[in-house]
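One structure below.
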Amino acid sequence: MSTPQADICLLLEGTWPYVRGGVSSWVHQMLLGLPDVRFSVVFIGGERDAYPQRHYLIPPNVVHLEEIFVSDAWRYPARPDDTPPSGDGDALESLYRYFQHPDMPTPEHGQELLRQLVAGRITSAQLLRSEASWQVLSQGYLEHCSDPSFIDYFWTLRTMQTPLVMLTELLGKLPRARAVHAVSTGYAGLLGALLKGYWQCPFILTEHGIYTKERKIDLAQAAWVAGKSEESEVSGLAATSGYIRTLWIRYFERAGLLAYQNADPIIALYEGNRARQIRDGAPPALTQVIPNGIALSEWQQVRAHRPEGIAPVAGLIGRVVPIKDVKTFLRAVRSVVNEIPDFEAWIVGPEDEDPAYAHECHSLVSSLGLTGQVRFLGFCNIREIMPQLGVAVLTSISEAQPLVILEAWCAGTPVVSTDVGSCRELIEGVGEEDQALGVAGEVVPIADPLATARAIQRLLQNPDRWHAAQQAGEQRVQRRYSDDLMFARYWRLYRAAMGEG
């Protein structure tokens, strides 16, 4: 076995260094906050064209950056004169039974499949072109599928299976690290389980959001599996889409289970997600909570220069994408403007991830008659924006522990948030001592514009309530959510994984 070239191999899916904010900000914070740790990074993306440029500089303690794209797995360069490869029927059957068979696999089955994959018993050529692969796939269709067309079934399984095999073919190309740290389940978690077996090293797993839950939300909204149009009903695709969605959900659930069964420790950002991990198969004894932290010292000047008074401005800080439910925020703005005529709403975040949704949001602003009250500011310096807000608003339908809430409190800004992720715990406190600090804003139901509007109004129109929320937020972030606490906790985990603790 080669000498480790890095301390920690960090496995990232669809985040740093190509996507701003959220998990990417946390990754960059960790890289800078632990300068004595040598990191290698594997970035896993979807379509290569979706990641045109990096948004973060690569720190000097990142000694290697590997980039792979899932879509490349579907483009095996076969030539007409190639001889079809023979396939390992047992290994291919094991792959199918673990990820696609209706019956839940045993933990022993998962470990055996990992051993087969690590040993290289399934190659891309075998999966895509061997007769054995065709036989396994066809038999699965005949035994378990009655709804979809064979073509839909065939291409769905190909789309699922080939990226996994591509990950196994990456194992021998990566510089060895002393430990592996995946920042999600999904493809990153699968690669973490594979590298643990290949390098015989510890595997740490952190989940900011619950990956399987988020993929279920994505699948519920995805047009390519919706199948509800008149045309699809006539063609029979509605039935197809239901089964195809089931196959995708099953795939991500079992990928997550494989990661949970091989990681130690398994980290969540708050107790609610830790409980969800356990329900999804994580061993309780291996789970723990490490909240995100924020660099308090960097915000001191921001808070010191905050203007006096309560600005009649609400800001939504985040990407303009469906999961942030910007439309609910805009509908709430309509109600607030009716009561506070000089009220403004700022939407601060990039619009390039889902241009169609961003266009719909702009159109909604026009249809609601809010052109003069709503400003789309794009990506901005958060430290310049946050002190100008009277209230920060999150209308997301899914979150983990949003850093933007901590940033708002550092700037002296109360928060209105939907009841998702750790938001209620953050705003109202956890345990008697924390709750005694007070409520740092308002918590509202998901997709409820009226409740959101009323919460904004209660804060902006009641100075006593607003100042109490401001004070509670400032005290809570200082006591519980500093980056020093977060770095110390991860440094202890890394030292233990590297055999130094």
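Summary table below
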| read-out | value |
| --- | --- |
| Within the range 1-44, considering residues that are of a type in the set (Val, Ile, Thr) and in contact with a Ser or Thr (Cβ under 7 Å, 6 or more places away or on another chain), the one surrounded by the most Cβ atoms within 10 Å (Cβ to Cβ) | 15 |
| Filtered residues of the range 121-137 (kept if touching a residue at least 12 places away in the same chain (Cβ under 8 Å) and surrounded by fewer than 17 Cβ atoms within 10 Å (Cβ to Cβ)) | 131, 135 |
| Residue 257 being buried (at least 17 other Cβ atoms within 10 Å of the Cβ), assigned by TED's automatic domain parsing to the domain that holds residue 405 and modelled with pLDDT of 95 or more | no |
| Members of the range 140-149 that are touching a residue at least 12 places away in the same chain (Cβ under 8 Å) and in a helix (DSSP H, G or I) | 140, 141, 144 |
| Pick from the range 340-371, criterion touching a helix residue (DSSP H, G or I) at 6+ places or on another chain (Cβ under 9 Å) and exposed (fewer than 12 other Cβ atoms within 10 Å of the Cβ), ranking: farthest from residue 21 (Cα to Cα) | 369 |
| All helices (runs of 4 or more DSSP H) inside the range 389-501 with 2 or more residues being on the phi > 0 side of the Ramachandran plot | none |
| Residue within the range 427-439 that is closer than 21 Å to residue 337 by Cα and in contact (Cβ under 8 Å) with a residue 12 or more places away in the chain present | no |
| In the range 440-476, residue nearest to the chain's Cα centre (by Cα) [restricted to those that are aliphatic (A, V, I, L, M) and surrounded by fewer than 17 Cβ atoms within 10 Å (Cβ to Cβ)] | 446 |
| Some residue of the range 55-66 being farther than 24 Å from residue 209 by Cβ, in the same structural domain as residue 178 (by TED's automatic domain parsing) and either modelled with pLDDT under 95 or of a type in the set (Gly, Ala, Ser) (or both) | no |
| Of the criteria (1) more than 28 Å from residue 142 (Cα to Cα); (2) not in a loop (DSSP other than H, G, I, E, B), which one residue 209 fails | (2) |
| Residues satisfying the stated conditions in the range 168-185, i.e. surrounded by fewer than 22 Cβ atoms within 10 Å (Cβ to Cβ) and in a helix (DSSP H, G or I) | 169, 170, 171, 172, 173 |
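Residue by residue, here is whether (1) out of contact with any strand residue (DSSP E or B) (no Cβ under 6 Å at 6 or more places or on another chain); (2) modelled with pLDDT of 95 or more holds:
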| position | (1), (2) |
| --- | --- |
| 283 | yes, yes |
| 286 | no, yes |
| 345 | no, yes |
| 350 | yes, no |
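The values are calculated or read from the model by the stated rules, or taken from the named source; none is laboratory data. Because the structure is predicted, anything quoted here is derived from the model rather than measured. Glycine also receives a Cβ, built like all others from the backbone with ideal geometry; neighbour counts cover every protein chain displayed.
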